[in-house]
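The values are calculated or read from the model by the stated rules, or taken from the named source; none is laboratory data. Predicted model, so just to flag it, every value in this text is computed and none were measured. Backbone-built Cβ (ideal geometry, glycine too); neighbour counts: all protein chains shown.
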Amino acid sequence: MRNTRDTNLLFELSETGRRAHRLPACDVPERPVGELVPASALAAAPPALPELSEPQVVRHFANLSQLNMSVDTHFYPLGSCTMKYNPKRNERVAAMPGFSDLHPYQSEGTLQGMLQLLYELQEYLQEISGLDACSLQPSAGAHGELTALWVAATYFRDRGEKRTKVLVPDNAHGTNPASAAMAGFTTVTVKTLPSGTLDIDDLRRHLDNQIAVFMITNPNTVGIFEPRIREIADAVHQAGGLVYLDGANMNAILGIARPGDFGADMQHYNPHKTFSGPHGGGGPGAGPICVTEKLAPYLPAPVVIKTTEPSPDPSLQGRETDRYHLDYDRPKSIGRVRAFFGNVGVLVRAYCYIRTHGPDGLRRVSENAVLNANYLLSRVKHCLPVPQGDRCMHEFVASAAKVKTEKGISAMDLAKRLLDFGFHAPTVYFPLTVKESIMVEPTETESKETLDAFADTLIRIMEEDADLLHDAPHTTPISRPDEVRAARQPMLVWPETY
Ligand SMILES: *Cc1c(COP(=O)(O)O)cnc(C)c1O
């Protein structure tokens, strides 16, 4: 059934003269606007705004909002993106006036609560990563990558070493080589094996005195924990390079393995993924980075520090208390990468999430994320093969290559048809190392019933007539947009009147 909801534009619904409100007659003398505003600031004609009643506007937007898929409305197994449920408790805490009404130009003395939260979050992130220092400034995972690579570049420059290359595996997220290029490095691709893990011989071939950083995602993008990660890190270190961990997959290893312990020198977090910040609609993320001691002096300034000082509160009569400060006195710092203290709203949510779960709870998050992914893998692999392994971490990459050859059903067809059944599509065609790839990440917040419903639907779809799938989805207002054009020219209809 095609979607019958009204998807006209407000401009198309507009009727000249229609109004949402009627104002009472003016009780002061009216004067032409030209007498009040200089001619240079006046438009030649009023803007062509749509004219509608209030219920029309409300229904229009309410209906549009229901065309969206979100974690609050649908199962959203978008691999690599960790679309877990966002607890509403985080929202309540982030909206508390003590956090939400602050202004970054307030004096430090009036920001002690926020600074304490940020300081403690730095400490938690260091503990979870097994690294020594933290910057909360970067605005997203990709920005964290770029910041850390600048830190690395500055570290090598400070040591008088000229290292120009960053190594990136062929199944890495596209942001990795992009960040390396933006930071001024040359990117060199390292192969992965058919089994999905890194080709260590190929890595060794590339290790020379030009190597600055090896970027690795672990668990990697096909959902496998690199079994020889320690050996990999040692080889990079022997060549004088640094190991960067892309921490987007931390949801698989919280409280179980620490990047600092398996050889990472630096990493980013995606709090909007791992620590349940709402994301996916272009909303703000954050990309805190953690680094080892030797890289700490180069982190962006300021960082939040804690001191113990006599309290300024007279009633405490000079008793020692913890005070929190923004430390700008960091001569080796790469400088600011973001205004003020970063996207603090997202950081407050991450803090709330970490404190709510505690260390054991975080470990259970990962255990359940891995359990859910393995359950789903075992339910679908008989009809949708998973080329790289029978077991996975928090996500797996299946392949529609077989069903494409046999029935002409592609990964895209499956992804699109799932929408008709009320499931957000998994990630498709990433990573590029798996043909017709379908990357499924259920997360820990889904019930067995939801996982079963998804598996049953996927299996049922594969038995459907291929022609039905080729023009799916059938229940959305738009079925198959030209995706390249939609991204390059994001203009649906432009009203004639405008
Ligand atoms: C999401 C993701 C990134 C980028 O993170 P953003 O927060 O979206 O900038 C990098 N690497 C991997 C593996 C990811 O999944």
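Structure summary
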read-out	value
Residue check for Val365: part of a helix (DSSP H, G or I), closer than 30 Å to Pro97 by Cβ and touching an Asp or Glu at 6+ places or on another chain (Cβ under 6 Å)	yes
Any hit, the range 99-116, residues being in contact with a strand residue (DSSP E or B) (Cβ under 7 Å, 6 or more places away or on another chain), polar (S, T, N, Q) and farther than 22 Å from Asp261 by Cβ	yes
Single residue of the range 259-273 satisfying the filter (of a type in the set (D, E, K, R) and either buried (at least 24 other Cβ atoms within 10 Å of the Cβ) or over 18 Å from Met215 (Cα atoms) (or both)) that is farthest from the ligand (Cβ to nearest atom)	Asp265
Gln137 being in the same structural domain as Asp327 (by TED's automatic domain parsing), within 16 Å of the ligand (Cβ to nearest atom) and not in a helix (DSSP H, G or I)	yes
Which listed residue is over 30 Å from Lys332 (Cα atoms), among the aliphatic types (A, V, I, L, M), more than 16 Å from the ligand (Cβ to nearest atom) and in contact with a Ser or Thr (Cβ under 7 Å, 6 or more places away or on another chain), from Ile256, Ile224	Ile256
Top-ranked residue in the range 135-165 [being surrounded by 23 or more Cβ atoms within 10 Å (Cβ to Cβ) and of a type in the set (Val, Ile, Thr); ranked as nearest to the chain's Cα centre (by Cα)]	Thr147
Positions within the range 74-105 being out of contact with any helix residue (DSSP H, G or I) (no Cβ under 8 Å at 6 or more places or on another chain) and of a type in the set (D, E, K, R), in sequence order	Lys88, Arg92, Asp101
Spans of strands (runs of 3 or more DSSP E) in the range 241-344 with at least 3 residues in the same structural domain as Ser135 (by TED's automatic domain parsing) and among the β-branched types (Val, Ile, Thr)	303-310
The range 168-185 residues that are closer than 12 Å to Phe214 by Cα, paired with ones that are of a type in the set (D, E, K, R) and within 11 Å of the ligand (Cβ to nearest atom) (beta carbon under 6 Å, 6 or more apart)	none
Residues (touching a helix residue (DSSP H, G or I) at 6+ places or on another chain (Cβ under 8 Å) and surrounded by fewer than 17 Cβ atoms within 10 Å (Cβ to Cβ)) located in the range 422-467	Tyr429, Lys435, Lys448, Asp452, Ile459, Glu464, Ala466
In the range 72-110, the residues that are free of Cβ contacts under 8 Å to residues at least 40 places away in the same chain and in contact with a Phe, Trp or Tyr (Cβ under 9 Å, 6 or more places away or on another chain)	Asp72, Tyr105
Leading residue by the ranking (nearest to Thr175 (Cα to Cα)) among those in the range 274-287 that are within 11 Å of the ligand (Cβ to nearest atom) and touching a helix residue (DSSP H, G or I) at 6+ places or on another chain (Cβ under 6 Å)	Gly287
Residue match in the range 190-198 (condition: in the same structural domain as Arg163 (by TED's automatic domain parsing), closer than 27 Å to Cys134 by Cα, of a type in the set (Ser, Thr, Tyr) and within 16 Å of the ligand (Cβ to nearest atom))	no
Residue within the range 182-195 that is closer than 18 Å to Tyr269 by Cα and under 20 Å from the mean Cα position of the chain (by Cα) present	no
Helices (runs of 4 or more DSSP H) contained in the range 1-102 and holding at least 3 residues surrounded by 13 or more Cβ atoms within 10 Å (Cβ to Cβ)	10-13, 54-67, 88-94
Residue that is farthest from the ligand (Cβ to nearest atom), among those in the range 166-187 that are loosely packed, with under 14 Cβ neighbours inside 10 Å and in a loop (DSSP other than H, G, I, E, B)	Gly184
